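As C-alpha cells, the structure follows; a few thoughts come after it.
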Amino acid sequence: MAFRSWQAERDREDATSRHEPAILAGTGTLTLIDGLTFAISDANGDIRGGLDGLITDDTRHLSRLAARVEGAPIRPLGTALLAPSEARFRGVVAPGQGYPDAPLEVDRRRRVADGWLEDELVLYWWAEAPVMVSVLLEADADFADIFAIRGLETGPATLSTHVRTTPTSDGIRFADEETGLTTVVRYAPAPESRNEGVERWSPRLRRGEPWRLRVAVEAHDPAGLTSRPREACGIGDGRPNDVDVRSDPPDLARACRRSLADLDALSMPDDLDGGRRLVAAGVPWFVALFGRDSIMAGHQARAFLPEQMLDTLAALAARQGHVSNAGNEEEPGKILHEVRLTPRPWLGHGTTRGARPYYGSIDATPLFLILYGTAFRWGAPDAALESLLPAARAALAWMRGPGDRDGDGLLEYQPTGKQSLSNQSWKDSVNAVQFPDGELAEGPIAMVEVQAYAYRARRDLADVLRHLGEGRDAAALDVEAEALRDLIREKYWCAGADGGPGFFALALDGRKRRVASIASNMGHLLWCDVPSDRQAGEVARHLAGPELASGWGLRTLSRRMAGFNPISYHVGSIWPHDTALASEGLRRFGLDEPALALAGDLMEALALFDHRLPELFGGHDREPGDVPVPYPTACRPQAWAAGVPLQLATTFLGLEPHVPDGRVSLRPALPKNLRTLEVRGIPFPGGPLSVRVGREGGTEILEAPADLVVELRSAEQPRAVASSETT
C-alpha cells in the first residue's frame, strides 16, 4: 500500500467538507467512521482492547495500537475531530530532569477509510541539545465479533483462538485461521527492531525538526467484503449538498452541518448496486443496514437529501422477503430488520456475511410504505415510483397477511427463531413492553405506534396508487385505513383517571389486554394522524407534562410507571428521534406550544452534546445549571439521532410539499430559544426553495421552484389535509 499525501487529502476535503472541527478536551474515547469501518481509541489515539479497535464489516481487525515514547505513555493535551473520519491528537512526554517544561511534543494524525486506517506520528523536540529517544509501538489483532465486543452472551463462540502473527519486512501480518480474515500493518520507516509484537525505533531529534512515523492498517477478507475501493465511499467523494442552514443562535445551523457530515460518514455503497448509497444505523454497535433506522433517517433528511429516500427504498425492496423461514423470520413482502457482515451466524442460520438478512422487525414494513409516500410527495419521478410499486404491493400483502397473525386487523409480533429478538418494535429491549406495575407483557404483542404506521402506510400508498391511475385499489385502501383508525381508537384509548387526560395504551398483549402504560409511543400516533382532535389534545397534555417531559426531551416511559428507570435503554431514557417525531406530530394537529417546547428542550440538549446528539441519554429531571446524563453505550454518531436537527429545521418551517399537485405549503413557527432560521437551497425538481423565518420579522421566501406554488398557512390551518373527525 502506498502512503498518501496528507496535505493533498486535506486540501480536497477542505473544499467539500460540511463539518466544523470540534475540540475535545480531557479523557474519554473518540470514534472515527467511514462507511462500514470505524475506529475507537482513547484521547491519545491509542487502541487498547476492551471496546476499542479498528472494526470493519462487524469484525475487529485491530485490537491494539499503542504508542510509547521513552517507555512512557503520551500525556494528552487535546484532541481535534477534524471530520467524522479524521482526528488529530496532541500530547507531550513528561519532562525529565533538567527540563522545566516538556521538551518533547507528539502530534498524531489519524484517518479511517473503508477497510483502512492510517496514522502519522510526528515528534517535535524543543530543547537546544539533540537527543536520541526510544519510540515503541505495539499492535495486535483478535478478530473479535462486534457482538462479542458488545458483551452479548448468546450465540456461538466469537473470539478466535487461531490468530497467526507473521512479521514482515516493514510491519506485521495477522491472520485468523478460522475465518480467513487478515490484517496487515505497515510502517514507514520500517522498525529497527521488534520483540514479541513491540516495534522499536530510535530516532535522533533536533530542535524544531519533525520526525515522522507513518502507520497503515489494511483489513482483508477472502470473501471480498473488506478493502472496497476507497473512491467508492467516504467523506467528500459523493453527493454534493447545497442546502445551507443559518440560525440565531447558531446552534441549530452547526448541528445541521454536523448532521450532514455524520450521515455522509455513515453512508456506504450498496453491494447489490454500486450507484446506491445506504446509511448505517450507528457507531459502534450498528454499523450495518437496518430497515427501520434507514427509513427514519430518510424521512428526517427529506428536505436535505431527498435522493436518500429512493436509495433506501430501492435497497430495501431488493432485499424484501420472499419465503417463510422461521430461522431468520423472513416472510413474503416483509422488510428486513438488519444485515450483518460478521462471519458468524448471530441472527440465525445463513445470516453470515450478509448472505441473508434478519427480518425480526414488526414496523419496518409499514414504515417502508410511509417513506414511499413521502418520496412521492417530495417529487420522486413516476418511473421510480412504478419500479417500486411491486415491492409496495408486497409490503401491503404482508400487512394484510403474515403481519396480522390472528386476523384481527392489527400487526403483532411473536419471535420464531432461536436467536430472534424478543421485542421487535423500535423499543426492542427485553423489558421494553411492560404494564404500569412493571410486569412484562407476553406475546404476541401489538404495539400501538405500529398500528399507527400501518394506518398511515395505507393512506400514503393510496395516494401513490391514485397518482399512478390505480383509483379502485386506492379507494379500497382508504376504506381499510379508516377502519383501522377506528379500531386503534377503540382498542387502545384509555380514559383519564380522576379528570385527567386520556391516553393511548402502549400495546395489547397476547390475550388482547391493554398494556396501559403511559409512554412516548403515543406521540407517534399524532405523526400518523390517528387521534381525533380531542384525543390529540389529551395526548399533548401527557407529552408536555412533567411525567414524560424531562426538560431535555421526552422520556420513553412515564416516571409514574413502576418500571421507570432514567438510565434504562427503553423504559425511561430519552431518545432524540422520539421527541422530534412527537414534536412534528403535535404541529400536524396545530398544537404548537407543546411541540415547540419539546423541540426547544431538545435543542438545548443538542448544544450541550457539542451539536451531535447521541442515540439516547438519561431521562432525569432537568435542574437549574444541570446537563443531560449520557447513556454509557449510546451510539454516536447514530443515523436517526444525526437526522434530528434536520428534522427540527423542517418541522420549524412547517414544510409539507405535494409536488405532483404543484404546491409547497409552509407554516413556520420557532421555539423561544431560536430567533431566526434561514434554510437555503432545499431541492425540488423545479429548482430550490429558500426561506427565512424570524420570530419578530415573519417569513420571507427568498427563492421558489418555478413550477410550484408556495402557500403560507396560518395557525388555524395546521394540516395540509385535515383529520376527518374532530370529536
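What follows is calculated from the coordinates using simple rules that are stated; it is not laboratory data. The structure presented is a predicted model; accordingly, all values stated were derived computationally and were not measured. Here the Cβ is made from the backbone with ideal geometry for all residues, glycine too, and neighbour counts use every protein chain on show.
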Cα-based radius of gyration of the stretch 386-513 once divided by 2.2 N^0.38 Å, which approximates compact folds: 1.19
Cα-based helix-to-principal-axis angle, 251-266 vs the chain, degrees rounded to 10: 70
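Normalized C-alpha radius of gyration of the chain, against 2.2 N^0.38 Å?
Dividing the Cα radius of gyration by 2.2 N^0.38 Å gives 0.98.
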Ordering of 58-64, 370-376, 88-94 by burial proxy (mean other Cβ atoms within 10 Å per residue, highest first): 58-64, 370-376, 88-94
Point-charge dipole on Cβ atoms (K/R +1, D/E -1) for the stretch 239-664, about Cα centre, debye to 20: 620
Largest-first principal axis extents, alpha carbons of the stretch 580-727, Å: 49, 39, 29
Simple spin-label estimate for Lys512 and Arg472 in nanometres, 7 Å along Cα-Cβ: 3.3
Charge dipole magnitude, Cβ of K and R +1, D and E -1 - the chain, Cα centre, debye nearest 20: 500
Overall Cα dimensions of the stretch 279-344, principal axis frame, Å, largest first: 38, 28, 14
Calculated SAXS-style log₁₀ I(q)/I(0) at q = 0.15, 0.24 Å⁻¹ - the stretch 579-625, Debye, Cα scatterers: -0.44, -0.93
Gain in span if fully extended, Arg150 to Asn431, counting 0.36 nm per residue against the direct Cα distance: 99.3 nm
Folded to 0 to 90 degrees: helix 644-653 orientation relative to the chain principal axis, Cα: 40
Estimated FRET transfer efficiency when R0 is 35 angstrom, pair Thr166-Val627 (beta carbons, to 0.05): 0.10
Anisotropy class of the stretch 239-664 from Cα gyration tensor, a/c 1.5 cut: rounded
Calculated FRET efficiency for the pair Arg246/Arg194, C-beta based, R₀ 51 Å, to 0.05: 0.40
C-alpha long axis of helix 533-544 to longest principal axis of the chain, angle in °: 30
5 angstrom amide H check on Leu77, placed H, neighbours 5+ away: Arg90, Gly91, Val92
Per-residue ³J(HN,Hα) for the stretch 686-701, Karplus 6.51 cos²θ - 1.76 cosθ + 1.60, θ = phi - 60°, Hz, x for Gly and Pro: x, x, x, 10, 10, 9, 10, 10, x, 4, 9, x, x, 10, 10, 8
Segments 32-40, 677-685, 691-699 sorted - mean Cβ within 10 Å per residue, highest first: 32-40, 677-685, 691-699
